[in-house]
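I have placed the structure first, in the form of structure tokens, so that the comments after it can refer back to it.
The values are calculated or read from the model by the stated rules, or taken from the named source; none is laboratory data. Predicted model, so just to flag it, every value in this text is computed and none were measured. With ideal geometry, Cβ positions are generated from the backbone for all residues, glycine too; neighbour counts draw on all protein chains shown.
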Amino acid sequence: MTSASPPNPWIRYAKNALWLSAVGLVIAWSLWLLYSKLRGEVAADPVAREMLASGGFWISLKIIAESIGRSIGEVPAKGYVLAGFCALIAYLALAWYDRIALLHLNRQKDISWPFVASCSFVTYALGHNIGASVLSGGLVRLRAYGAKGLSAADVAILVALCSFTFAYGTVLLLGFVFVVQPEIVHPLAQMIPRLDLPTSLVQLIGAVMLGLCALYVLGSWRHFKPVHFGSVHIVYPRLPVVTRQLIAAPLELIAAAGIIYFALPEAGNPGIITVLGAFLLSFSAGLLSQTPGGIGVMEAVFIAVLPTVAPSSVIAALLIWRLMYLLIPLAISLPIVVAFERAQLKRQDP
């Protein structure tokens, strides 16, 4: 029996090029849609309209940037405080993801909460900014938790369970949004015609999503048997683990969406459920496209779903979200990584 021949490197390169081209097209299309929407809003002012007509592309960008800057300046101090509090809650909930996974592995007593919180913070701060969060998060966790005695297999299970907790919370909350506010997908039909669905069908999809979430809880309660894939055995999480997932995942997602909600102006604000739905749809699309921070994709979805809010105010709120949820955590995480690596080098010295 002969071994399988290695894949042709040209095929691998072609696949990578095709994927990168697809991602690039998504980003370019989203940015162009964003530019068109913002230019249309700015053109509502007669003076700005004349400047846009007489100026070129870069003049238009300057005028748009000034409009967004004014929108950021109009966010009250209370909005920044509440948005910052939501960001803190979101990252604490993300740390809980890791703690829940350690509980599933029965290793929660071996590793302190501060270490788990630091590792989780760095993991998500890097993953959210770099993209490919499962891969980047796995590398960071392997380095950190490996120093605490976890094997590569343990870390793989931990990463998988954390990713599943996020996905479970997304399905749970998105199912809820589809049931109580199914019209949220209608504005997206202009971008994706396949989403032009009847309201009853959207509600049915939401009900199915909630049913799947309920089935997961039932399986834990009734002790479903482990699933076997060759030598890999997937043990169904115990009810204490699932109960914590039911709290931690929605808490993180609602808190992350809360950053945007509190950064939006009160006039035209559609409410937390609509903002949450827009966040779940846009953030999931950004993760699927693997664009760092969902650049371009989030803006396009939010502007479509929040037609009662001025596009410049939407962009301002998303910039504040990126600052508090992405950039500030990234800036804080880098010194933590350096300090950890220095500590590891000192331990290795004789």
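So which residues in region 163-214 are β-branched (Val, Ile, Thr) and farther than 28 Å from Gln245 by Cβ, if there are any at all?
Passing the criteria: Ile192, Thr199.
Working only within region 290-321, note down all residues that are at pLDDT below 85, buried (at least 21 other Cβ atoms within 10 Å of the Cβ) and under 15 Å from His128 (Cβ atoms).
Gly294, Val297, Met298
Please work out which one of (1) part of a loop (DSSP other than H, G, I, E, B); (2) under 24 Å from the mean Cα position of the chain (by Cα) is the condition Glu266 fails and give its number.
(2)
Just to be sure, is Ser200 among the hydroxyl-bearing types (Ser, Thr, Tyr) and exposed (fewer than 13 other Cβ atoms within 10 Å of the Cβ)?
Against the criterion (among the hydroxyl-bearing types (Ser, Thr, Tyr) and exposed (fewer than 13 other Cβ atoms within 10 Å of the Cβ)), Ser200 qualifies.
Among the residues of region 173-203, count how many are part of a loop (DSSP other than H, G, I, E, B) and either without any contact (Cβ under 8 Å) to a residue 60 or more places away in the chain or of a type in the set (Phe, Trp, Tyr) (or both).
Residues meeting the conditions: 4.
Among (1) surrounded by fewer than 17 Cβ atoms within 10 Å (Cβ to Cβ); (2) part of a helix (DSSP H, G or I); (3) at pLDDT below 85, there is one condition His233 misses while meeting the rest; what is its number?
(2)
Residues that are modelled with pLDDT under 90, in contact with an Asp or Glu (Cβ under 9 Å, 6 or more places away or on another chain), farther than 28 Å from Leu239 by Cβ and not polar (S, T, N, Q): does region 122-144 have at least one?
Yes, region 122-144 contains at least one residue that is modelled with pLDDT under 90, in contact with an Asp or Glu (Cβ under 9 Å, 6 or more places away or on another chain), farther than 28 Å from Leu239 by Cβ and not polar (S, T, N, Q).
Please enumerate the residues belonging to region 87-101 that are out of contact with any Phe, Trp or Tyr (no Cβ under 8 Å at 6 or more places or on another chain) and either at pLDDT below 95 or buried (at least 22 other Cβ atoms within 10 Å of the Cβ) (or both).
Correct list: Ala93, Trp96, Asp98, Ile100, Ala101.
Does Arg70 satisfy the criteria of being over 25 Å from the mean Cα position of the chain (by Cα) and in a helix (DSSP H, G or I)?
So Arg70 passes the test.
Might you check whether a residue that is in a helix (DSSP H, G or I), without any contact (Cβ under 8 Å) to a residue 12 or more places away in the chain and farther than 19 Å from Val275 by Cβ occurs anywhere in region 216-225?
Yes, because at least one residue in region 216-225 is in a helix (DSSP H, G or I), without any contact (Cβ under 8 Å) to a residue 12 or more places away in the chain and farther than 19 Å from Val275 by Cβ.
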